[in-house]
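The values are calculated or read from the model by the stated rules, or taken from the named source; none is laboratory data. It should be emphasised that the depicted structure is a prediction, and the values quoted were computed from it without experimental measurement. Positions of Cβ are generated from backbone atoms using ideal geometry, with glycine treated the same way; all protein chains shown enter the neighbour counts. With ligands, DNA and RNA removed, areas are computed over all heavy atoms of the protein, side chains included. Shrake-Rupley method; radii C 1.70, N 1.55, O 1.52, S 1.80 Å.
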Amino acid sequence: MEDEQNKPSILVVEDESSLARFLQLELDHQGYKVGTAANGFDAVARMAEGKWDLVLLDIMLPGLDGFEVCRRIREFWDVPVIMLTARGDTPDKVKGLDAGADDYLTKPFATDELLARVRARLRRAPVVMRSNRKLFVLGITIDYDTRQVVRDGHNISLSKREFDLLAYLAENTGIVLGRNAILDHVWGYNYYGDTNIVDVYIRYLRSKIDEPFPTKLVQTVRGVGYTLREES
Ligand code: CA
């Protein structure tokens, strides 16, 4: 139950039922909690219902259109809004951004592109959620059962030790972990080696999880240890 509450929740506002259904399945598959609204009035009503972490908002809707829904959302909520537009012309995009949307996507869009935008918006505030033994943080998905790691849609192959190290850092996102704590947690109390092994494995981890990406997440805190957070 607690897991369920920790999932980021996304409200999909889309009157085209096949697309709404597709988005719902796709987002659900990615581990998000998904709600839907098929028209503008319903969207505003569902906003009042509870906390949404992100809204996907179609522009052409029965009742209130997406621009008006966005304006009403903005009166009360600071939630990220990504607008879905069937028309690719600039005036609509500008109008959407004027109405307070954070981003827009032109239909038809690739699922990967949509998911990347959703992750980018949710990433502003690190979201740690565990669901089905998965951890999602800063665009990284860690699956404890399959021991798979995905960053921004790319599979990252890690050794057992690298995986454990990343999982420990991710579980403590934003918290600085000392070398001894890392050693105890990842290598275990019976490990008698040097703490330098931590630095060595941090280097391995960085080469896989950070090097291919523009934003570096594994940070060194001089004299203290390491932490997972976006570089400032
Ligand atoms: Ca529509």
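Odds and ends about this structure:
- Relative contact order, percent, the chain [alpha-carbon distance under 8 Å, six or more residues apart]: 13
- Solvent exposure of the chain, expressed per residue, is 51 Å² of accessible area, with all protein chains present and a 1.4 angstrom probe.
- Crossing angle, helix 160-171 versus the chain [Cα axis fit, 0-90 degrees, rounded to tens]: 60
- Spatially near lysine pairs across the chain, Cα under 29 Å, sequence gap of 8 or more or different chains: 25
- Counted charge near residue 20, where neighbours are those whose Cβ lies closer than 10 Å (Asp, Glu -1; Lys, Arg +1): -3
- Mean projected area of the Cα convex hull of the range 129-228, taken over all directions, amounts to 6.3 nm².
- Span from the the range 129-183 Cα centroid across to the the range 185-214 one, whole angstrom: 12
- Relative to the dominant Cα principal axis of the chain, helix 196-209 is inclined by about 30°.
- Using alpha-carbon coordinates, inclination of helix 111-122 to the longest axis of the chain, degrees: 70
- Extreme residue, positive dipole direction of the chain, given options 172, 197, 56 (C-beta unit charges): 197
- For the chain, the mean residue ellipticity at 222 nm estimated from helices alone is -11500 deg cm²/dmol, where every DSSP H run of n ≥ 4 contributes -39500 (n - 2.57) and the total is divided by all residues, rounded to the nearest 500.
- DSSP beta bridge pairing in the chain, given as percent antiparallel to the nearest 5: 55
- Counting only protein heavy atoms and a probe of 1.4 Å, the accessible surface of the chain is 48% carbon and sulfur.
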